[in-house]
Amino acid sequence: MKKLDSRVRITETDDISDRLILLYDKHPHLATDPFLNRLFNQMRTQSLHITEAIKHNRMQSKLGTADALRNQKLRKLRDILKGYRAMPIPAQSMAADALWTIFSKYGIKIVYQNYASKSSLLESLLLDFAEPGAQAHVDTLPGMAEALSELRHAQSDFTVERIAYETYWAHAAKEKTASELKKTLLELINDKLLLYVETMRMVDPDNYTAFAATVEQIIEEMNDVIARRSGR
(Lines give C-alpha, C1' and ligand atoms only; values in the text may rest on other atoms or scores of the structure.)
Protein backbone atom coordinates (compact mmCIF):
# COMPACT_ATOMS: atom_id res chain seq x y z
CA MET A 1 0.00 0.00 0.00
CA LYS A 2 1.60 3.26 -1.15
CA LYS A 3 2.03 6.07 1.34
CA LEU A 4 0.43 9.48 0.97
CA ASP A 5 2.80 11.74 -1.00
CA SER A 6 4.55 14.17 1.36
CA ARG A 7 3.98 16.96 -1.19
CA VAL A 8 0.31 16.92 -0.26
CA ARG A 9 -1.02 20.37 0.59
CA ILE A 10 -2.18 21.31 4.06
CA THR A 11 -5.81 21.63 2.95
CA GLU A 12 -5.58 18.28 1.14
CA THR A 13 -4.20 16.64 4.28
CA ASP A 14 -7.16 18.00 6.21
CA ASP A 15 -9.55 16.64 3.57
CA ILE A 16 -7.87 13.22 3.53
CA SER A 17 -8.07 12.93 7.32
CA ASP A 18 -11.76 13.87 7.24
CA ARG A 19 -12.47 11.23 4.58
CA LEU A 20 -10.57 8.54 6.46
CA ILE A 21 -12.40 9.35 9.69
CA LEU A 22 -15.74 9.19 7.87
CA LEU A 23 -14.75 5.86 6.34
CA TYR A 24 -13.80 4.47 9.75
CA ASP A 25 -17.13 5.59 11.20
CA LYS A 26 -18.92 3.70 8.41
CA HIS A 27 -17.29 0.45 9.61
CA PRO A 28 -18.67 0.16 13.17
CA HIS A 29 -17.32 -3.37 13.56
CA LEU A 30 -13.81 -1.87 13.62
CA ALA A 31 -14.64 0.09 16.78
CA THR A 32 -13.66 -2.99 18.78
CA ASP A 33 -10.10 -2.74 17.44
CA PRO A 34 -8.22 -0.90 20.24
CA PHE A 35 -5.38 0.18 17.97
CA LEU A 36 -7.67 1.79 15.38
CA ASN A 37 -9.79 3.30 18.13
CA ARG A 38 -6.80 5.11 19.63
CA LEU A 39 -5.41 6.03 16.23
CA PHE A 40 -8.63 7.58 14.95
CA ASN A 41 -9.13 9.46 18.21
CA GLN A 42 -5.73 11.01 17.58
CA MET A 43 -6.64 11.73 13.97
CA ARG A 44 -9.89 13.42 14.99
CA THR A 45 -8.01 15.71 17.34
CA GLN A 46 -5.31 16.57 14.81
CA SER A 47 -7.87 17.03 12.03
CA LEU A 48 -9.82 19.49 14.16
CA HIS A 49 -6.65 21.38 15.01
CA ILE A 50 -5.49 21.61 11.40
CA THR A 51 -8.93 22.89 10.36
CA GLU A 52 -8.60 25.63 12.97
CA ALA A 53 -5.05 26.40 11.85
CA ILE A 54 -6.22 26.73 8.23
CA LYS A 55 -8.97 29.08 9.37
CA HIS A 56 -6.38 31.14 11.22
CA ASN A 57 -4.19 31.34 8.10
CA ARG A 58 -7.13 32.43 5.96
CA MET A 59 -8.10 35.14 8.43
CA GLN A 60 -4.51 36.37 8.41
CA SER A 61 -4.65 36.49 4.63
CA LYS A 62 -7.90 38.48 4.65
CA LEU A 63 -6.37 40.92 7.12
CA GLY A 64 -3.33 41.33 4.89
CA THR A 65 -5.56 41.97 1.87
CA ALA A 66 -7.54 44.61 3.77
CA ASP A 67 -4.29 46.27 4.83
CA ALA A 68 -2.99 46.28 1.25
CA LEU A 69 -6.20 47.96 0.10
CA ARG A 70 -5.83 50.87 2.52
CA ASN A 71 -2.21 51.26 1.37
CA GLN A 72 -3.49 51.45 -2.19
CA LYS A 73 -6.09 54.07 -1.31
CA LEU A 74 -3.52 56.18 0.55
CA ARG A 75 -1.21 56.13 -2.47
CA LYS A 76 -4.14 57.09 -4.70
CA LEU A 77 -4.85 60.09 -2.46
CA ARG A 78 -1.20 61.12 -2.68
CA ASP A 79 -1.18 60.83 -6.47
CA ILE A 80 -4.34 62.91 -6.84
CA LEU A 81 -2.86 65.65 -4.67
CA LYS A 82 0.37 65.61 -6.68
CA GLY A 83 -1.62 65.91 -9.89
CA TYR A 84 -3.61 68.89 -8.69
CA ARG A 85 -0.48 70.62 -7.38
CA ALA A 86 0.89 70.53 -10.92
CA MET A 87 -2.30 71.93 -12.44
CA PRO A 88 -2.01 75.32 -14.20
CA ILE A 89 -5.25 76.39 -12.54
CA PRO A 90 -4.36 78.54 -9.51
CA ALA A 91 -7.51 77.79 -7.50
CA GLN A 92 -6.91 74.05 -7.76
CA SER A 93 -3.13 74.10 -7.28
CA MET A 94 -3.48 76.35 -4.21
CA ALA A 95 -6.13 74.08 -2.71
CA ALA A 96 -3.93 71.07 -3.42
CA ASP A 97 -0.92 72.78 -1.80
CA ALA A 98 -2.97 73.43 1.34
CA LEU A 99 -4.08 69.80 1.49
CA TRP A 100 -0.56 68.60 0.72
CA THR A 101 0.62 70.37 3.87
CA ILE A 102 -1.80 68.18 5.83
CA PHE A 103 -0.84 65.03 3.95
CA SER A 104 2.88 65.70 4.44
CA LYS A 105 2.49 65.51 8.22
CA TYR A 106 1.85 61.81 7.72
CA GLY A 107 3.28 60.97 4.33
CA ILE A 108 3.31 57.71 2.43
CA LYS A 109 5.62 56.32 5.12
CA ILE A 110 2.42 55.38 6.96
CA VAL A 111 2.23 52.23 4.83
CA TYR A 112 5.38 50.88 6.49
CA GLN A 113 3.97 51.15 10.01
CA ASN A 114 2.57 48.20 11.95
CA TYR A 115 -1.17 47.61 11.90
CA ALA A 116 -1.93 49.52 15.10
CA SER A 117 0.23 52.56 14.30
CA LYS A 118 -1.06 52.72 10.74
CA SER A 119 -4.67 52.66 11.91
CA SER A 120 -4.03 55.45 14.40
CA LEU A 121 -2.25 57.61 11.83
CA LEU A 122 -4.90 57.06 9.15
CA GLU A 123 -7.69 57.97 11.55
CA SER A 124 -5.81 61.15 12.45
CA LEU A 125 -5.20 61.99 8.79
CA LEU A 126 -8.86 61.53 7.94
CA LEU A 127 -9.90 63.74 10.85
CA ASP A 128 -7.52 66.48 9.67
CA PHE A 129 -8.98 66.33 6.16
CA ALA A 130 -12.48 66.59 7.65
CA GLU A 131 -11.71 69.91 9.39
CA PRO A 132 -13.82 72.80 7.98
CA GLY A 133 -10.81 74.62 6.53
CA ALA A 134 -9.50 71.50 4.82
CA GLN A 135 -12.97 70.50 3.68
CA ALA A 136 -13.30 73.74 1.73
CA HIS A 137 -10.19 72.82 -0.25
CA VAL A 138 -11.43 69.25 -0.73
CA ASP A 139 -14.64 70.60 -2.26
CA THR A 140 -12.57 72.60 -4.74
CA LEU A 141 -10.93 69.51 -6.19
CA PRO A 142 -13.14 67.06 -8.13
CA GLY A 143 -12.48 63.49 -7.06
CA MET A 144 -10.84 64.38 -3.74
CA ALA A 145 -13.94 63.71 -1.65
CA GLU A 146 -14.36 60.34 -3.35
CA ALA A 147 -10.70 59.44 -2.75
CA LEU A 148 -11.04 60.30 0.93
CA SER A 149 -14.25 58.29 1.12
CA GLU A 150 -12.50 55.28 -0.40
CA LEU A 151 -9.69 55.59 2.14
CA ARG A 152 -12.23 55.86 4.96
CA HIS A 153 -14.03 52.72 3.78
CA ALA A 154 -10.75 50.84 3.40
CA GLN A 155 -9.73 51.81 6.92
CA SER A 156 -13.14 50.84 8.33
CA ASP A 157 -13.08 47.50 6.49
CA PHE A 158 -9.62 46.79 7.88
CA THR A 159 -10.85 47.51 11.41
CA VAL A 160 -13.72 45.06 10.96
CA GLU A 161 -11.33 42.34 9.73
CA ARG A 162 -8.89 43.00 12.55
CA ILE A 163 -11.58 42.79 15.22
CA ALA A 164 -12.80 39.51 13.71
CA TYR A 165 -9.26 38.13 13.65
CA GLU A 166 -8.44 39.21 17.21
CA THR A 167 -11.77 37.90 18.53
CA TYR A 168 -11.13 34.53 16.90
CA TRP A 169 -7.53 34.37 18.07
CA ALA A 170 -8.46 35.29 21.66
CA HIS A 171 -10.68 32.21 21.89
CA ALA A 172 -8.72 29.81 19.70
CA ALA A 173 -6.47 27.21 21.19
CA LYS A 174 -2.84 28.17 20.64
CA GLU A 175 -1.86 24.99 18.85
CA LYS A 176 0.90 24.12 16.42
CA THR A 177 1.10 25.68 12.98
CA ALA A 178 -0.78 24.15 10.07
CA SER A 179 2.52 22.85 8.65
CA GLU A 180 3.40 21.12 11.92
CA LEU A 181 -0.07 19.60 12.14
CA LYS A 182 0.18 18.37 8.55
CA LYS A 183 3.41 16.57 9.46
CA THR A 184 1.73 14.92 12.46
CA LEU A 185 -1.24 13.78 10.37
CA LEU A 186 1.06 12.42 7.67
CA GLU A 187 2.86 10.36 10.31
CA LEU A 188 -0.43 9.01 11.67
CA ILE A 189 -1.62 8.08 8.19
CA ASN A 190 1.59 6.79 6.61
CA ASP A 191 3.48 5.30 9.54
CA LYS A 192 0.56 3.90 11.50
CA LEU A 193 -2.74 3.58 9.65
CA LEU A 194 -1.49 2.30 6.29
CA LEU A 195 0.97 -0.16 7.78
CA TYR A 196 -1.60 -1.47 10.22
CA VAL A 197 -4.49 -1.97 7.80
CA GLU A 198 -2.15 -3.59 5.28
CA THR A 199 -1.14 -6.12 7.92
CA MET A 200 -4.69 -6.69 9.17
CA ARG A 201 -5.96 -7.20 5.63
CA MET A 202 -3.77 -10.31 5.53
CA VAL A 203 -4.40 -11.41 9.12
CA ASP A 204 -8.19 -10.90 9.17
CA PRO A 205 -9.42 -10.38 5.60
CA ASP A 206 -13.11 -10.74 6.44
CA ASN A 207 -13.08 -7.69 8.70
CA TYR A 208 -10.43 -5.52 7.08
CA THR A 209 -10.35 -6.09 3.32
CA ALA A 210 -13.14 -3.67 2.38
CA PHE A 211 -11.88 -0.98 4.74
CA ALA A 212 -8.27 -1.36 3.59
CA ALA A 213 -9.27 -1.24 -0.08
CA THR A 214 -11.11 2.05 0.36
CA VAL A 215 -8.26 3.53 2.39
CA GLU A 216 -5.91 2.56 -0.43
CA GLN A 217 -8.23 4.13 -3.02
CA ILE A 218 -8.44 7.41 -1.10
CA ILE A 219 -4.65 7.62 -0.87
CA GLU A 220 -4.12 6.68 -4.52
CA GLU A 221 -6.61 9.28 -5.73
CA MET A 222 -4.81 12.02 -3.82
CA ASN A 223 -1.40 10.84 -4.98
CA ASP A 224 -2.65 11.00 -8.58
CA VAL A 225 -3.76 14.61 -8.01
CA ILE A 226 -0.34 15.48 -6.60
CA ALA A 227 1.47 13.72 -9.45
CA ARG A 228 -0.55 15.59 -12.11
CA ARG A 229 0.05 18.87 -10.35
CA SER A 230 3.78 18.16 -10.21
CA GLY A 231 3.91 17.15 -13.87
CA ARG A 232 4.80 13.57 -13.13
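A few remarks follow.
- Which listed residue is under 17 Å from LEU194 (Cβ atoms) and under 25 Å from the mean Cα position of the chain (by Cα), from ARG70, ARG9, ARG19: ARG19
- ALA86 satisfies every condition listed in (1) touching a Phe, Trp or Tyr at 6+ places or on another chain (Cβ under 9 Å); (2) of a type in the set (A, V, I, L, M); (3) exposed (fewer than 13 other Cβ atoms within 10 Å of the Cβ) except (1).
A quick yes/no check of all residues on (1) in the same structural domain as PRO142 (by TED's automatic domain parsing); (2) touching a Ser or Thr at 6+ places or on another chain (Cβ under 6 Å); (3) free of Cβ contacts under 8 Å to residues at least 40 places away in the same chain:
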| residue | (1), (2), (3) |
| --- | --- |
| TYR24 | no, no, no |
| ALA31 | no, no, yes |
| PHE35 | no, no, no |
| PHE40 | no, no, yes |
| GLN46 | no, yes, no |
| HIS49 | no, no, no |
| SER61 | yes, no, yes |
| ALA68 | yes, no, yes |
| LYS76 | yes, no, no |
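- Residues that are on the phi < 0 side of the Ramachandran plot, of a type in the set (S, T, N, Q) and over 29 Å from the mean Cα position of the chain (by Cα) occur at least once in segment 23-32.
- Meets criteria (closer than 30 Å to VAL160 by Cβ, aliphatic (A, V, I, L, M), part of a helix (DSSP H, G or I) and modelled with pLDDT of 95 or more) for LEU48: no
- Residue check, ILE163 aliphatic (A, V, I, L, M) and loosely packed, with under 14 Cβ neighbours inside 10 Å: yes
- Selection count where residues are outside any helix (DSSP H, G or I) and of a type in the set (D, E, K, R), scope segment 52-88: 0
- LEU99 vs. criteria in contact (Cβ under 8 Å) with a residue 60 or more places away in the chain, part of a helix (DSSP H, G or I) and surrounded by 15 or more Cβ atoms within 10 Å (Cβ to Cβ): no
- Positions within segment 6-32 being part of a helix (DSSP H, G or I) and of a type in the set (Gly, Ala, Ser), in sequence order: SER17, ALA31
- Annotation note: of ASP97, ASP128, ASP157, the sole residue that is under 20 Å from SER61 (Cβ atoms), in the same structural domain as GLY64 (by TED's automatic domain parsing) and in contact with a Lys or Arg (Cβ under 9 Å, 6 or more places away or on another chain) is ASP157.
The values are calculated or read from the model by the stated rules, or taken from the named source; none is laboratory data. Just so it is clear, the structure is predicted and the values come from calculations on it, not from any experiment. Note that we place each Cβ from the backbone using ideal geometry, even for glycine, and neighbour counts take in every protein chain shown.
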